[in-house]
Amino acid sequence: MHPLLARGLLALGLVLLGGLLGWWLGLVAWRPGAGALLGAVSGLLVFGIQDGLRAGRLLRWLRSAQLDMAPRDAGLWGELGYRIERSLREREQAALREGRRLAQFLSAIEASPNGVILLDRHDQIEWCSRVAADHFGLDPERDRLQRITNLVRAPAFVACLQAPASAEPLVMLGPDGQRSLSVLLRAYGEGQRLVLTQDITERERAEAMRRDFVANVSHEIRTPLTVLAGFVETMASLPLGHAERQRMLGLMAQQTNRMQALVADLLTLAQLEGSPRPVTDRWHGLAELLTQAEADGRALSGGRHHFELQCPRDGEIAGDRMELLSAVGNLVNNAVRYTPDGGRITLSLGWRDGGGVEIDVKDTGPGIAREHLSRLAERFYRVDGSRSRETGGTGLGLAIAKHVVQRHGGELVIDSEPGKGCCFRLVLPAARLKPRAAPGIAAAPPIGATG
Ligand code: ADP
């Protein structure tokens, strides 16, 4: 039998029993008429006591902290307890569901690379994502309910909070003074505000680089153009003799060549930046590459330098031959241009322990002071601008070499000391290399030739 039905029957039995007992007592002690009255009163009394006990149980349960299961009673109180328990359970479940949804929503915000802070109507932090906390140097837990202006005191930020809403983001420095932040304020709800933060350091740096690059290119082109314009004007306005005319035409050709070289290097850089990484299934002989670069260097030198090629063990590299040749070529070109006549230029190929190779281009030129080395491969960075321009330099040779070697998974390493020459090294990774199957220059002794 169902426990509730059993309890109901028991309660009914008790009431009947109380009634019977009262009726019997009335019959025995008084008159027969009093028996019925006493029976009804005592039945009601038993019923009332039971009812009171049930109400007491329900009240105790409601007062207790653990509202899990209401007392299972028959009758009105039992029904009431059951209904209360059910509605409490439903509310609990709804709250759980809401909690889960909120947690999901917050973790989605946390996953964003941008920061979010929710401010109440008094500009106190209601919630702060970890990214925003990192941007402003806050602690998401400790700083909750703190006024944000007590924690982020940058005047520009405080002014932005106090100003009427603006659609333009505020650009400010982070608390470490190193990072650039973009901060946007948005109103929502009843006087609450949303602070959206974004780290734009890289974007700003790239933008500054782009501006510098455009300024540099304009400057590099304007100089030869000004010279050319001067010559054109002179030739147009003055009656020049044949010799003078020839001299000017020669100087004009020099400026034109300079611009052509600059445009060619700019196009090479643009092509390197805009094209996918070199393929890994086209193999080129390393010794052959170095021999070609050496031959080009000799031609440029015109016999003014001694050349040496050391390639004891050949190998093959997967990638773009023209790119690699232009990287080594630029290093050899520099060595020829900066090394005084009679100097030595050495090209060598060495294998590393892990299977990578080093292509070194060494010279016995003037060398470079240490402080310049880290910036040398930046576009248009020159140690000696006039020497570079005099010798037809564009300021882009090392930038191209660095770009090419990085596209092949390697790096450009520069070592030099003033007065001790330079060593420019292209380090290429084992992943793009394999030993040469057929003997190439490998078998030959180190080549030492004077140009
Ligand atoms: P540039 O066209 O001016 O030579 P690069 O990018 O090739 O431009 O080189 C950057 C600068 O590095 C040069 O201007 C020069 O000052 C220095 N440099 C490069 N190679 C050498 C070298 N072999 N010896 C001395 N200085 C060099």
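The values are calculated or read from the model by the stated rules, or taken from the named source; none is laboratory data. Predicted model, so just to flag it, every value in this text is computed and none were measured. Here the Cβ positions follow ideal geometry from the backbone for every residue, glycine too, while neighbour counts run over all protein chains shown.
Kindly indicate whether Asp281 is away from the ligand (no atom under 16 Å from the Cβ), free of Cβ contacts under 8 Å to residues at least 12 places away in the same chain and either of a type in the set (Asp, Glu) or not in a strand (DSSP E or B) (or both). No; evaluated as a whole, the condition is false for this residue.
Residue-wise test of (1) closer than 20 Å to Tyr188 by Cα; (2) of a type in the set (Val, Ile, Thr); (3) part of a helix (DSSP H, G or I).
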site	(1), (2), (3)
Ala94	no, no, yes
Glu98	no, no, yes
Leu102	yes, no, yes
Val116	yes, yes, no
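The set of residues in region 368-377 that are buried (at least 16 other Cβ atoms within 10 Å of the Cβ) and near the ligand (Cβ under 9 Å from one of its atoms) comprises Ile368, Leu376, Ala377. All of Leu76, Leu16 fail the test of being on the phi < 0 side of the Ramachandran plot, loosely packed, with under 13 Cβ neighbours inside 10 Å and in a helix (DSSP H, G or I), apart from Leu76.
Of the numbered criteria (1) away from the ligand (no atom under 16 Å from the Cβ); (2) modelled with pLDDT of 95 or more, the one Val413 fails is (1). Taking the options Gly385, Gly395, name whichever one is within 8 Å of the ligand (Cβ to nearest atom), closer than 14 Å to Arg258 by Cβ and touching a residue at least 60 places away in the same chain (Cβ under 8 Å). That would be Gly395, the only listed residue that is within 8 Å of the ligand (Cβ to nearest atom), closer than 14 Å to Arg258 by Cβ and touching a residue at least 60 places away in the same chain (Cβ under 8 Å).
Working only within region 136-172, note down all residues that are touching a residue at least 40 places away in the same chain (Cβ under 8 Å) and closer than 21 Å to Thr201 by Cβ. Spell out the reasoning first.
Looking only at region 136-172, we keep the residues that are touching a residue at least 40 places away in the same chain (Cβ under 8 Å), and these are 136, 148.
Residue satisfying the conditions is Phe136 alone.
Of all the residues in region 118-141, those that are touching an Asp or Glu at 6+ places or on another chain (Cβ under 7 Å) and more than 22 Å from Gly189 (Cβ to Cβ) number 2. Screening Gly365 with (1) more than 24 Å from Thr280 (Cβ to Cβ); (2) surrounded by fewer than 17 Cβ atoms within 10 Å (Cβ to Cβ) gives one miss only, at (2). For the structure I just gave you, tell me whether Val336 is surrounded by 19 or more Cβ atoms within 10 Å (Cβ to Cβ) and either among the small types (Gly, Ala, Ser) or more than 15 Å from the ligand (Cβ to nearest atom) (or both). Here the answer is no, as Val336 does not meet what is asked.
What do you reckon, is Ala401 within 9 Å of the ligand (Cβ to nearest atom) and either under 19 Å from Ala287 (Cα atoms) or assigned by TED's automatic domain parsing to the domain that holds Asn257 (or both)?
Values: within 9 Å of the ligand (Cβ to nearest atom): yes; either under 19 Å from Ala287 (Cα atoms) or assigned by TED's automatic domain parsing to the domain that holds Asn257 (or both): yes.
Considered against the rule, which asks whether it is within 9 Å of the ligand (Cβ to nearest atom) and either under 19 Å from Ala287 (Cα atoms) or assigned by TED's automatic domain parsing to the domain that holds Asn257 (or both), Ala401 comes out as yes.
Among all positions in region 348-362, there is at least one residue which is farther than 17 Å from Asp314 by Cα and either within 7 Å of the ligand (Cβ to nearest atom) or buried (at least 18 other Cβ atoms within 10 Å of the Cβ) (or both). Val405 satisfies every condition listed in (1) in contact with a strand residue (DSSP E or B) (Cβ under 6 Å, 6 or more places away or on another chain); (2) assigned to a helix (DSSP H, G or I); (3) within 14 Å of Val332 (Cα to Cα) except (3). I'd like to check which strands (runs of 3 or more DSSP E) are fully inside region 151-204 and have at least 3 residues that are at pLDDT 90 or above and surrounded by fewer than 14 Cβ atoms within 10 Å (Cβ to Cβ). Filter on region 151-204 gives 180-188.
Test Asp139 against the stated conditions and say whether it is within 20 Å of the chain's Cα centre (by Cα), charged (D, E, K, R), surrounded by 10 or more Cβ atoms within 10 Å (Cβ to Cβ) and on the phi < 0 side of the Ramachandran plot. Walk me through it before giving the result.
Numbers: within 20 Å of the chain's Cα centre (by Cα): no; charged (D, E, K, R): yes; surrounded by 10 or more Cβ atoms within 10 Å (Cβ to Cβ): yes; on the phi < 0 side of the Ramachandran plot: yes.
Here the answer is no, as Asp139 does not meet what is asked.
Does Leu240 fit the bill of being under 29 Å from Arg382 (Cβ atoms), touching a Ser or Thr at 6+ places or on another chain (Cβ under 9 Å), outside the structural domain of Glu126 (by TED's automatic domain parsing) and not charged (D, E, K, R)?
On the way: under 29 Å from Arg382 (Cβ atoms): no; touching a Ser or Thr at 6+ places or on another chain (Cβ under 9 Å): yes; outside the structural domain of Glu126 (by TED's automatic domain parsing): yes; not charged (D, E, K, R): yes.
So Leu240 does not fit the description; no.
Scan region 52-73 for residues that are part of a loop (DSSP other than H, G, I, E, B) and surrounded by 13 or more Cβ atoms within 10 Å (Cβ to Cβ) and jot them down. Leu67, Ala70, Pro71, Arg72, Asp73 - these are the residues of region 52-73 that are part of a loop (DSSP other than H, G, I, E, B) and surrounded by 13 or more Cβ atoms within 10 Å (Cβ to Cβ). Taken over region 265-303, the residue count meeting the criterion of being over 20 Å from Gly397 (Cα atoms) and surrounded by fewer than 14 Cβ atoms within 10 Å (Cβ to Cβ) is 7. Among the residues of this structure, Thr268 does not count as one that is of a type in the set (S, T, N, Q) and either part of a strand (DSSP E or B) or not assigned by TED's automatic domain parsing to the domain that holds Arg222 (or both). The lone criterion from (1) free of Cβ contacts under 8 Å to residues at least 24 places away in the same chain; (2) farther than 30 Å from His122 by Cα; (3) surrounded by fewer than 15 Cβ atoms within 10 Å (Cβ to Cβ) left unmet by Met235 is number (3).
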